[in-house]
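S.K.: Pasting a structure here, questions to come.
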Amino acid sequence: SEYHDFQAETSLDVGPLGGTVVPSPTGSYQSLTDWPVVWDQRTSLPLRADGETIEGARIGLVATAPDLDAEGLRAASTVPALPEQVFGENLADPAPITGEELPELARDITADAATPFDAAVALQRWFTTDGGFTYSTAIDGGSDEDALATFLTERIGYCEQFAATMALMARTLNIPSRVQVGFTPGEQDDDGTWVVT
């Protein structure tokens, strides 16, 4: 499959958001700001390198993103990654914190998957449609084995629980995975700007 890249300049006006992580569109690779920005290799996130906060800053970025299709992703998922392309923690064995039932469940859900891409799609489909889950923030949180078991038994949870459990299941299938946090796309104003809260 062919990949068609598009490139766009983005200008961001940051409100009351502290820290040094620069909110950015996926695929950002160049900064147009007058202060230094470095990209964290593990997360691909841009960071303000002078240690100052991004609160109240105007940020300019250039981003590019490939137009990927299922066949291209399927084919790419069968090519072994080079060791320097995969961070060890993204393949860490989750069994010490999940027990042995999670890997068995992941294998059952993905039994018909021909490629790692198909396995990831099967997991996603299980969490979104086939597994009988309900999204809710009106539940107790937690990150231990008991919280995971409760989530999988009661099939009710919030976004971090879905994301973390899918990442853990993917790792049991040797699919490099990590949880990425960020913002929703926001809403577009009449003047064409996007407001993300």
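The values are calculated or read from the model by the stated rules, or taken from the named source; none is laboratory data. Just so we're clear, the structure is a prediction, and the values are computed from it rather than from any experiment. Here Cβ is always computed from backbone atoms with ideal geometry, including for glycine, and neighbour counts include all displayed protein chains. Ligands, DNA and RNA are stripped out before the accessible areas are found, and what is left, the full protein with its side chains, is counted by its heavy atoms. Shrake-Rupley method; radii C 1.70, N 1.55, O 1.52, S 1.80 Å.
S.K.: Within 12 Å, Cβ to Cβ, of Thr43, how many net charges do the neighbouring residues add up to if Lys/Arg are +1 and Asp/Glu are -1? Walk me through the numbers before you get to the answer.
M.R.: Values: positive: Arg42, Arg178; negative: Asp40, Glu89.
Result for the local shell: 0.
S.K.: Pop out the carbon and sulfur fraction of the accessible area of region 80-129 as a percent, whole number, probe 1.4 Å.
M.R.: 56 percent
S.K.: Here is a follow-up. In nanometres, what is the gap between the two model label sites at Phe87 and Asp118, each 7 Å from Cα along Cα-to-Cβ?
M.R.: 3.1 nm
S.K.: Could you order Leu91, Leu47 by accessible surface area, starting with the largest, using a probe radius of 1.4 Å? Each step should come with its number before you reach the end.
M.R.: On the way: Leu91 65, Leu47 45 Å².
Listed by decreasing accessible area, they come as Leu91, Leu47.
S.K.: Rank these by accessible area, largest first, 1.4 Å probe: Asp40, Asp191, Asp112.
M.R.: Values: Asp40 50, Asp191 115, Asp112 155 Å².
The ordering from most to least exposed comes out as Asp112, Asp191, Asp40.
S.K.: Express in Å², to the nearest 10, the accessible area of Phe117 obtained by rolling a 1.4 Å probe over the protein heavy atoms while all chains stay in place.
M.R.: Roll a 1.4 Å probe over it and Phe117 shows about 40 Å².
S.K.: Please give the Cα centre distance for region 126-197 versus region 72-122, rounded to the nearest Å.
M.R.: For region 126-197 versus region 72-122, the Cα centre distance is 17 Å.
S.K.: Counting Lys and Arg as +1 and Asp and Glu as -1, what is the net charge of the other residues whose Cβ lies under 15 Å from the Cβ of Ser11?
M.R.: Numbers: positive: Arg58; negative: Glu9, Asp13, Asp34, Asp189, Asp191.
Surrounding charge for Ser11 is -4.
S.K.: Say we join alpha carbon atoms closer than 10 Å with springs in a Gaussian network model of the chain; which of Ala111, Ala122, Ala164 then has the biggest fluctuation?
M.R.: Among Ala111, Ala122, Ala164, the largest GNM mean-square fluctuation belongs to Ala111.
S.K.: Counting only the heavy atoms of the protein chains, how much of Val21 is accessible to a 1.4 Å probe, in Å² to the nearest 10?
M.R.: 70 Å²
S.K.: Right, another one. Can you compute the helix-only [θ] at 222 nm over the chain? Use -39500 (n - 2.57) per DSSP H run of at least 4 residues, normalise by all residues, nearest 500 deg cm²/dmol. Intermediate values should be presented prior to the final figure.
M.R.: Working: 6 runs with 54 residues, N = 197.
One gets -7500 deg cm²/dmol as the mean residue ellipticity at 222 nm.
S.K.: Moving to a separate point now. Sort Arg42, Arg155 by heavy-atom solvent-accessible area, probe 1.4 angstrom, most to least.
M.R.: On the way: Arg42 105, Arg155 75 Å².
Per-residue accessible area, sorted high to low, gives Arg42, Arg155.
S.K.: Angle, helix 116-125 long axis vs. longest principal axis of the chain, Cα atoms, 0 to 90°, nearest 10?
M.R.: 90 degrees
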